[in-house]
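To keep things clear, I will list the structure first and then write my remarks on it.
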Amino acid sequence: MPYKLLFIWVEGNDDERFFNRILSPKLQRKYGTVKIIRYAKMKKEKVDNFIRSIKAMKADYIYLTDINDSPCVTAKKEEMQKKYQNIDKDKIIVVIREIESWYLAGLDNKACKQLKIKNFANTDNVTKEKFNALIPKRFTSRIDFMSEILKNFSIKIAKQKNTSFQYFVDKYDC
């Protein structure tokens, strides 16, 4: 396998945790090295310059962003292209709605019963607030709950329950 380097831009800790546990191991089959970069606290110019450097070294990258208040994926991608002049439209992955929807998408009925939470048929409309309201009291923290979800996560199930997760997995052959 030729050496390839992939940078994955994520917003924060929850996204990083998800990628480290679920998707990075799959992506490492195609890329020699996968590096995750959190951009939430970085200045716009630093992100833009870093993307230019990645392209100059002929490495690959994925920029993950939540759809938030954008009316559609295309509008969100256009918003990102206005923000960063070096970003490529086809490298932007828009999560619908937020990364928490990807966490819940990977749980089957058995795992939901075990965690004592609702089993969603589709998680496309799950927001951070909805996710937080689901956290059972037995978990000492949100991170503890997320870690337990990741232990029970199924990519196959998640593809059936979340449109943007399915798109990502199909696009990058995870």
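The values are calculated or read from the model by the stated rules, or taken from the named source; none is laboratory data. This one's a predicted model, so the numbers in the text were calculated from it and none came from an experiment. Quick reminder, even Gly has a Cβ in these numbers, built from the backbone with ideal geometry, and neighbours come from all protein chains shown. Ligands, DNA and RNA are excluded from the accessible area calculation, which covers all protein heavy atoms including side chains. Shrake-Rupley method; radii C 1.70, N 1.55, O 1.52, S 1.80 Å.
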- Message: Going by amide H atoms built from the backbone, whose H comes under 5 Å of the H on ILE37, apart from near neighbours?
- Response: ILE8, TRP9, VAL10
- Whole-Å distance, taken between Cα centres, linking segment 1-62 and segment 64-110: 15 Å
- Task: Using a/c under 1.5 as the rounded threshold, could you call segment 84-151 rounded, prolate or oblate? The axes a ≥ b ≥ c are square roots of the C-alpha gyration tensor eigenvalues, and prolate needs a/b larger than b/c, oblate otherwise.
- Result: prolate
- Task: Counting only C-alpha contacts under 8 Å and six or more residues apart, can you give the relative contact order of the chain as a whole percent?
- Result: 22 percent
- How much length, in nm to one decimal, is gained on full extension between LYS171 and THR33, taken as 0.36 nm per residue of separation minus their Cα-Cα distance? 47.8 nm
- Message: Using helices alone, I'd like the mean residue ellipticity at 222 nm for the chain: each DSSP H run of four-plus residues gives -39500 (n - 2.57), total over residue count, nearest 500.
- Response: -13000 deg cm²/dmol
- Item | Solvent accessible area, Å² - THR163, 1.4 Å probe, full protein context | 70 Å²
- Task: Just reorder ARG38, ARG97 by solvent-accessible area, largest first, 1.4 Å probe, all chains present.
- Result: ARG38, ARG97
- Message: So, taking all protein chains as they sit and a 1.4 Å probe, how much accessible area belongs to GLU16, in Å² rounded to tens?
- Response: 40 Å²
- Item | Apportionment of accessible area to carbon and sulfur, segment 57-155, percent (1.4 Å) | 48 percent
- Item | Calculated FRET efficiency for the pair SER53/THR127, C-beta based, R₀ 35 Å, to 0.05 | 0.55
- Query: Given [x] 23, 21, 17; [y] 39, 17, 16; [z] 28, 18, 15, which label gives semi-axes √(5λ) of the Cα gyration tensor in Å as computed from the coordinates?
  - Reply: [z]
- Message: I'd like the accessible area for VAL94, computed on protein heavy atoms only with a 1.4 Å probe and all protein chains in place. Round to 10 Å², please.
- Response: 10 Å²
- Note on the structure: Averaged per residue, the 1.4 Å probe accessible area of the chain, protein heavy atoms only, in Å², is roughly 53 Å²
